[in-house]
Amino acid sequence: MKEKISVLMDGEMFEDDAELFFDKLKRHPQTSQDWAMYHLIGDALRQPEHIHRDVSAAFHERLQAEPTILAPQSRAPQRMKHYALSAAASLMALALVAWMSLQIDKEPAPQLAAAQQSDNVVRPASFQSNDYQSNDYLMAHQEFSPSADVQGAASYIHSVEAK
Amino acid sequence: MISPTSKWRMYLALTCLSAFNVQADPLMSDAEWLRTMVFAAHQTNFSGVVVYQSGGRVEMSRITHVADGDGEHERMEGLEGERREVIRNNDKVRVYLGDQKVRVENRRSHRVFPSLLPEQMQALKENYLITQSEEDRVAEYHAHTVVFQPKDNLRYTRKMWAHSESGLLLKAVVLDEHGRIIEQQAFSQIKIGGKDIDRKWIKPSEDDALHLARHLEQASHSGAESVVSGWQIDAIPVGFKKLFELRRSISDKKIPVVQMVYSDGLSGISIFIEKVSQAPTKAGLSGQGAVHVYNRRVGDYLVTVVGEVPPRVVIQVADSVRYAGG
């Protein structure tokens, strides 16, 4: 079930399967808990300033409790391998965010710092929109920027903004 | 105007030339690291999860990159929320957002060139103090760190972690003049090389392929050409050199837009000038992480400056744009 959550959150589940899954989710409290836990990861990722340092320790315990998939089953070896990777990847990502928030703890958060600066520092509004949209100019710019060149497809994170 | 195909051949030729130093050498000169990282970004096959953080915004995306006989294919896929996906096949970009229909764009495929030009490498050394820092580990790979420290406050400091063997960028941090983190990104998990990297996304679905073909038919009349537009930028910050001045079509804008591109070897500034009848809906300064955008109306034209530079730099540039005739 955990693998399914992970697959669903990775957006790799087929629609029909997803509907079945949501039905199950409603009926099984343990699954709901797992669902909530995985979304906690997502929420934590979105709000790094609220992450406490002991979060990664708590998740380390959960990781210990996760069953280790040593050998993929012969029926669907590729998928099983992928499930295992997916769950592990989520946890590693969380550890990384914990690390990132530690980095920020050392220094005042950038947006706070900017607000405290004297008047010659301008504070930009972040790209906000009511819906998803890609910024054509950002994309057109990134074709030529050396730093975007080094970052490859990751530079699209700037030009295709989230809500 | 060089065709995308011949550009790709040029790129391949350059790639082959560089095959001698594909294996990143720890004793490589500092500026060489950037060159190696750029090559690795274009020629390495990999798939991994990148965590991006800037201020309160954190995002996870899966990034996949494949270089094969057909050229270069890359994909960024948001892992949270609604569908957010960008797929680039050489100079063709498909964008999927939420439940919106696929959008198709033509992109110039010479992304790889500007930062590799000798004069750009020279600019890099003039504007930044480049040092190699501690060895580290990122996503279970051994990484070599390189710091690009600007010699003034017109640009940001960058610290990059490159995979020691291939030179692939594994982690990057951008800092302002006070040493505060503006944005950072890192692979939390990555698989470099190997044959089992998912390639199913490369080929568009039948629907998308039709859409793509229709769009390309329209787009063949537009494209981009070098121009002398008559627009003048009086206050380009020290160290930035002009790379291009183009007239190009952008997305679904009906009238071609003038784009001027400047670079200091690492950061870029683009100035877009388009004729508009109405005031822009989003005016003024906006930004995300290291990238800032500033809009300004000049007569019947809208000037938009985009760059990975501090906010005051994009404002300074936009404020100095004027039409000098031509």
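The values are calculated or read from the model by the stated rules, or taken from the named source; none is laboratory data. Everything numeric in this text was worked out from a predicted model, so none of it was measured. We place every Cβ from the backbone using ideal geometry, glycine too, and count neighbours over all the protein chains shown. Remember, those area values only see protein heavy atoms, side chains included, never the ligands or the DNA or RNA. Shrake-Rupley method; radii C 1.70, N 1.55, O 1.52, S 1.80 Å.
Of note:
- Residue within region B:69-77 that is within 7 Å of another protein chain (Cβ to nearest Cβ) and surrounded by fewer than 22 Cβ atoms within 10 Å (Cβ to Cβ) present: no
- Filter result for B:Asp198 (within 11 Å of chain A (Cβ to nearest Cβ), surrounded by fewer than 19 Cβ atoms within 10 Å (Cβ to Cβ) and either out of contact with any Cys (no Cβ under 9 Å at 6 or more places or on another chain) or more than 27 Å from B:Glu105 (Cβ to Cβ) (or both)): yes
- Taking each residue of region B:74-97 that is within 22 Å of B:Ile250 (Cβ to Cβ) and free of Cβ contacts under 8 Å to residues at least 40 places away in the same chain and looking for partners that are open to solvent by less than 30 Å² (accessible area, probe 1.4 Å) and polar (S, T, N, Q) with beta-carbon atoms closer than 6 Å, six or more apart or interchain, yields B:Met76/B:Ser61; B:Val95/A:Ser134.
- Filter result for B:Ser188 (polar (S, T, N, Q), buried (at least 18 other Cβ atoms within 10 Å of the Cβ) and within 14 Å of chain A (Cβ to nearest Cβ)): yes
- Any hit, region B:283-297, residues being free of Cβ contacts under 8 Å to residues at least 60 places away in the same chain, more than 10 Å from chain A (Cβ to nearest Cβ), closer than 27 Å to B:Tyr52 by Cα and more than 15 Å from the chain's Cα centre (by Cα): yes
Per-residue answers, yes or no, for (1) outside the structural domain of B:Ser54 (by TED's automatic domain parsing); (2) among the hydroxyl-bearing types (Ser, Thr, Tyr); (3) open to solvent by less than 20 Å² (accessible area, probe 1.4 Å); (4) under 19 Å from A:Met139 (Cα atoms):
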| residue | (1), (2), (3), (4) |
| --- | --- |
| B:Pro256 | yes, no, no, yes |
| B:Ile269 | yes, no, yes, yes |
| B:Ser277 | yes, yes, no, no |
| B:Val291 | yes, no, yes, yes |
| B:Asn295 | yes, no, no, yes |
| B:Val298 | yes, no, no, no |
| B:Tyr301 | yes, yes, no, no |
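- Within the span defined as region B:215-225, one or more residues are of a type in the set (Asp, Glu) and in contact (Cβ under 8 Å) with a residue 12 or more places away in the chain.
- In region B:78-93, of all residues being surrounded by 22 or more Cβ atoms within 10 Å (Cβ to Cβ) and under 15 Å from the mean Cα position of the chain (by Cα), the one that is nearest to the other protein chains (Cβ to nearest Cβ) corresponds to B:Val86.
- Some residue of region B:167-175 being open to solvent by 20 Å² or more (accessible area, probe 1.4 Å) and either hydrophobic (A, V, I, L, M, F, W, C) or assigned by TED's automatic domain parsing to the domain that holds B:Val314 (or both): yes
- Checked against (1) in contact with a strand residue (DSSP E or B) (Cβ under 8 Å, 6 or more places away or on another chain); (2) open to solvent by 20 Å² or more (accessible area, probe 1.4 Å), B:Pro118 meets all criteria but (1).
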